[in-house]
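One structure below.
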Amino acid sequence: MIKKRIFLSISLLLSFVCAFGQRAVISGMVRDDKGKPLEQAVVADEVTGIGTYTNAKGFYRLEVAAEKNMTVIFGFAGYETQHKKIFLSAGETRTIDITLKENATELEVFTKTSDHRRAEAGSVYLDISKMEVMPSTVGGVEGQIQLAVGTHDELTSQYSVRGGNYDENLVYVNDFEIYRPFLVRSGQQEGLSFINPDLVSNVNFSVGGFQAKYGDKMSSVLDVSYKRPTQFAGSVEVSLLGASLHLEGASKKQKLTYLIGARQKSNQYLLQAQPTKGVYNPSFTDIQALIDYKVNSKWDIEAIGNYARNRFSFFPQSETTSFGVLNMAYQLDVFYSGSELDQFDSRFGCISATYHPADPRLKFKFLASGFQTTESETYDISGQYLFGELETDMSKADYGQIKTYLGAGTIQDFARNYLNASVGDVGFRGSYDAKNNFIQFGVNGTVTSITDDLHQWERRDSAGFTQPYSSTALVFPDFYNSSTSFNYTRFSGFVQDNIHFDSLSRFSATAGVRYNYSFLNNELIVSPRVQLAYKPEWEKDVVFNFSTGLYAQPPFYREMQNEEGIVNTQLKAQKSYHVVLGSDYNFKMGNRPFKLKGEIYYKDLWDIDPYFYNNVQIEYTGKNDAIGYVYGGEIRLYGDIVKDATSFISIGMMKGMQKITDSNSLPGYRNYFPLPSDQRFMLGMYFEDYLPHNKNFKVHINMMYATGLPVGPPIGHLYEDVIRLPDYKRVDIGFSALLLDAKRKERPIHSFLNNVKSIWGSLEVFNLLDIQNTLSYSWIQDQTSQNTYAVPNRLTSRLLNVKLIFKF
């Protein structure tokens, strides 16, 4: 079966050979409305997305197809994108100078800058202009992603895509791969995402079928580009959840540009809305800086540095959880002692040097990066609990109180976990624009070093009996005791070609192959991938796209470690075969622009390392002993339901199953059972509106509905995870007002306000309907009756947040 998959993918790859046709050339300057050259402005074919960037002097040169009608787009962040229709004869060279106007509206950014992504199957449009106004406890880029793909936890920035887990998502910032902490178990500990939304200029997000130039994960790619500022600016944001500051600027001749961002987040206010009461002391701090220096017309050097300091201390006191149905309800009262103290410190530094040879068709980039994390997770918490049945007869005097105690016991959690991890990477990227072909290639060498010391256990006692009960030994439902130290090297690389078929002017393709070799388990992986796009000559603006290929995920530290903490260094890469078919339709309704994007997909999975969720931590079995499949479909509609206020709705259906291939497996494993991320249906919606006669007063609404994920008792087998969490339902609403606008003539004249461009104020209501969503279950067993009860661990209740944003 594997040979058939590889043969199919290689056949598709080899079938798209270069088709050389007649060419023409356009060149010129791109400036702003003040006459200043714009560097790194995009110049691209609207249909294929193939294009180039302007250099430091604002100059560009682009080869295009001759003897055909085409549209070229010119764009730059913060400026109105221009569309230029052209028709060139074979061999013709034409000069086209462009002036871009500043302050494009949000709608124009949505309808134009998304065009170059239309040809890619799996791409999801994210509007970065909505990041600061969308009401979300997570916020930033991840807040939008969670709404687009579905999530079950408002305390984490992680997301699950098309049946994959959190570890299957790639994240890049300016071509550098980003890593996250390893020991984090819950969203309470997680802190800030690496991506600072104040520094972002562009985001590309793919949920499957992505190109060979992207790395070795199986589910999604988030490709983020940071700003290249042209003048001094900055912003300050203050809210009940934290604060942020960012500064940006450029030297007089634009040779040096810089970005600096600092964030501080405290979930203390948010965590007070959780059922477990106690003293929460979370403190998350993040500092980032980016410096870009133009050495000369040929060399450009860029450096990024990041330091993240996460501290989380918790002194639990009590918890009361009521659950059940109208005529059979239960209550769990827990009284805690002990504490938890977690420390996560990570450092990331990278540098790149881009070389522009005399031939403008060539470009080379050299990259080096280093990531280091020091993590400490220590807790010793004991909870004494009383569990009983509630009186549900409203005629009784003790209605709503415990009428019968079913059990009493102790829950004790202990951990002394310490981890040090380092990842060093050296890479090279190159590109060559050869007529009908835009060729990209690259190679990376990565060294990983891991040292950990894990000691963790959980003990549950019911009526004097430790659960699960054994007459001969003390058995713990959760037990780790391991020490590991190892390092390894792996090499990876790719080559791909963006092909424009001149004879079929509306047809384009991207064909590539990726390889990866690990010296840890001596496994070589070859992954061919193909993406196709076709735009029919219809009156309606429709693009059809298709992608297929092999995707593999070499094991990292977490995948190698099983439930007992033992590391399997010979674990193979998990593998999948993707097929994605979709369409992208731009249309107008009521003279307002809309975009409808729909896709169906299928994933064949093998060499799977089975896992289960422990809050946001993923615990693996450390074996390649499962196969599986995922299939589904998604529809997303973007547009102006209200004029000049872009909203969107995302609907998805999916089924993901797996089975164990080990011939010695238990009978229950021999049939397919749900993946832990088997989310059958999700609906996410963002809606924006404003006062009829004043657009400066707006309302923003997030709505999310997602069916529950499969779960089961912690001491059971994976195939026994047949219970479903309750459906996740949540509505967040925000009200924003422009308190000061620099464009107003009646603006107050004060020394402090002279340099302020705008001040926005927001009032947000999280979980507007105060729905009690369930994250997981605690399992209470009565030794006398042998009954096991699933006690829900619930997420946050309704909460208010106030936010102020200053821009200067």
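The values are calculated or read from the model by the stated rules, or taken from the named source; none is laboratory data. Everything numeric in this text was worked out from a predicted model, so none of it was measured. So basically every Cβ, Gly included, is an ideal-geometry build from the backbone, and we count neighbours across all protein chains shown. These accessible areas exclude ligands, DNA and RNA; they are computed on the full protein's heavy atoms, side chains included. Shrake-Rupley method; radii C 1.70, N 1.55, O 1.52, S 1.80 Å.
For region 596-637, take N as its residue count and report Rg(C-alpha) divided by 2.2 N^0.38 Å. Walk me through the numbers on the way to the answer.
Details: Rg = 14.5 Å, N = 42, 2.2 N^0.38 = 9.1 Å.
So region 596-637 has a normalised radius of gyration of 1.60.
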What trypsin sites (Lys or Arg not before Pro) does region 290-323 have in DSSP loop regions with at most 16 other beta carbons within 10 Å? Lys298
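Relative contact order for the chain: what is it in percent, counting Cα pairs under 8 Å that are at least 6 residues apart?
Values: 2251 pairs, mean separation 84.1, N = 808.
Relative contact order of the chain: 10 percent.
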Please work out the Cα center distance from region 690-732 to region 162-184, rounded to the nearest Å. 22
Probe of 1.4 angstrom, ligands and nucleic acids ignored: what's the accessible area per residue over the chain, in square angstrom? 42
Note the angle between two axes, namely the Cα long axis of helix 2-15 and the longest principal axis of the Cα atoms of the chain, as a number of degrees from 0 to 90, rounded to the nearest 10. 20
At 7 Å along Cα-to-Cβ for each site, give me the label-to-label distance between Tyr517 and Tyr405 in nm. 6.8
In whole Å, largest first, the alpha carbons of region 601-725 cover along the principal axes 71, 29, 21
Select from Gly590, Leu38, Ile525 the residue farthest towards the positive end of the dipole of the chain; place +1 on Cβ of Lys and Arg, -1 on Cβ of Asp and Glu, and compute about the Cα centre. Leu38
For region 148-255, which semi-axes, largest first and in whole Å, follow from the square roots of 5 times the eigenvalues of its Cα gyration tensor? 28, 21, 11
Using unit Cβ charges (K, R positive; D, E negative) and no other charged atoms, how large, in debye to the nearest 20, is the dipole of the chain about its Cα centre? 2860
Calc'd 3J(HN,Hα), region 760-768, phi into Karplus 6.51 cos²θ - 1.76 cosθ + 1.60 (θ = phi - 60°), Hz, glycine/Pro = x, comes to 10, x, 9, 10, 10, 10, 7, 6, 3
Quarter of Cα convex hull surface for region 337-378, i.e. mean projection, nm²: 4.1
Roll a 1.4 Å probe over the protein heavy atoms and report the accessible area of Leu341 in Å², nearest 10. 80
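What part of the accessible area of the chain, given as a whole %, is carbon or sulfur when the probe is 1.4 angstrom?
Taking all protein chains in place, the chain shows 58 percent carbon and sulfur surface.
Efficiency by 1/(1 + (r/R0)^6): what FRET value for Asp33 and Lys68, r their Cβ-Cβ distance, R0 = 35 Å, to the nearest 0.05? All intermediate terms of the calculation are to be shown ahead of the outcome.
On the way: r = 31 Å, r/R0 = 0.89.
E(calc), rounded to 0.05, equals 0.65.
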At a probe radius of 1.4 Å, what is the per-residue accessible area of Trp457, in Å² to the nearest 10? 60
HN-Hα couplings for region 315-332 via Karplus (6.51, -1.76, 1.60; θ = phi - 60°), in whole Hz with x for Gly/Pro, come out as 10, x, 10, 7, 8, 10, 10, 10, 7, x, 10, 4, 9, 8, 10, 10, 9, 10
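Restricting things to alpha carbons, find the Rg to Rh ratio for region 686-725 using the Kirkwood radius for Rh.
Details: Rg = 21.0 Å, Rh = 13.8 Å.
Using only Cα positions, Rg/Rh for region 686-725 is 1.52.
Please state, to two decimals, what the Cα-based radius of gyration of region 489-625 comes to when divided by 2.2 N^0.38 Å (N = residues).
Details: Rg = 20.4 Å, N = 137, 2.2 N^0.38 = 14.3 Å.
It is 1.43.
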Ranking by accessible area, most exposed first, for Phe735, Phe441 with a 1.4 Å probe: Phe735, Phe441
From the C-alpha coordinates alone, can you work out the Kirkwood hydrodynamic radius of region 287-348, in Å? 17.1
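Run the helix sum for the chain: -39,500 (n - 2.57) per DSSP H stretch of 4+ residues, divided by residue count, reported at 222 nm to the nearest 500 deg cm²/dmol. Don't jump to the answer; show the numbers that get you there.
Details: 6 runs with 44 residues, N = 808.
The helix-only estimate for the chain comes to -1500 deg cm²/dmol at 222 nm.
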From the backbone phi of region 554-567, what are the Karplus-calculated ³J(HN,Hα) couplings (6.51 cos²θ - 1.76 cosθ + 1.60, θ = phi - 60°) in whole Hz, Gly and Pro given as x? x, x, 9, 4, 5, 5, 6, 9, 8, 5, 9, x, 7, 9
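Using only alpha carbons, build the gyration tensor for region 230-325 and give me the equivalent ellipsoid semi-axes, biggest first, whole Å.
Working: eigenvalues 383, 34, 23 Å².
In descending order, the three semi-axes are 44, 13, 11 Å.
Assuming R0 = 30 Å, can you tell me the calculated FRET efficiency for the pair Ile86 and Val426, based on Cβ-Cβ distance, to the nearest 0.05?
Values: r = 41 Å, r/R0 = 1.38.
Efficiency, rounded to the nearest 0.05: 0.15.
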In bins 10 Å wide, starting from 0, what share of all Cα pairs of region 578-668 does each bin hold, as a percent? 14, 28, 24, 18, 12, 4, 0
Please give the per residue volume of the convex hull enclosing the alpha carbon atoms of the chain, rounded to a whole number of Å³. 174
Subtracting the Cα-Cα distance from 0.36 nm times the residue separation, let me have the gained length for Thr374 to Tyr172 in nm, one decimal. 70.6 nm
Overall Cα dimensions of region 120-199, principal axis frame, Å, largest first: 32, 28, 25
In range of the label at His717: residues from region 566-608 whose backbone nitrogen is under 16 Å from the point 7 Å along Cα→Cβ: none
With a 1.4 Å probe and all protein chains kept in place, how do Ile771, Ile660, Ile641 rank by accessible area, largest first? Ile641, Ile771, Ile660
Starting from the Cα of Trp299, step 7 Å toward the Cβ, then list every residue of region 351-381 with an amide N under 12 Å from that point. 353-356
In the chain, with Lys and Arg counted as +1 and Asp and Glu as -1 at Cβ, which of these residues, Phe612, Phe232, Phe673, has the Cα nearest the positive end of the dipole, that is, farthest along it? Phe232
Stokes-Einstein D for region 301-447 at 37 °C, 0.692 mPa s, Kirkwood Rh over Cα pairs, in µm²/s? 154
Among Tyr638, Leu332, Tyr405, whose Cα sits farthest toward the positive end of the charge dipole of the chain (+1 at Cβ of Lys/Arg, -1 at Cβ of Asp/Glu, about the Cα centre)? Tyr638
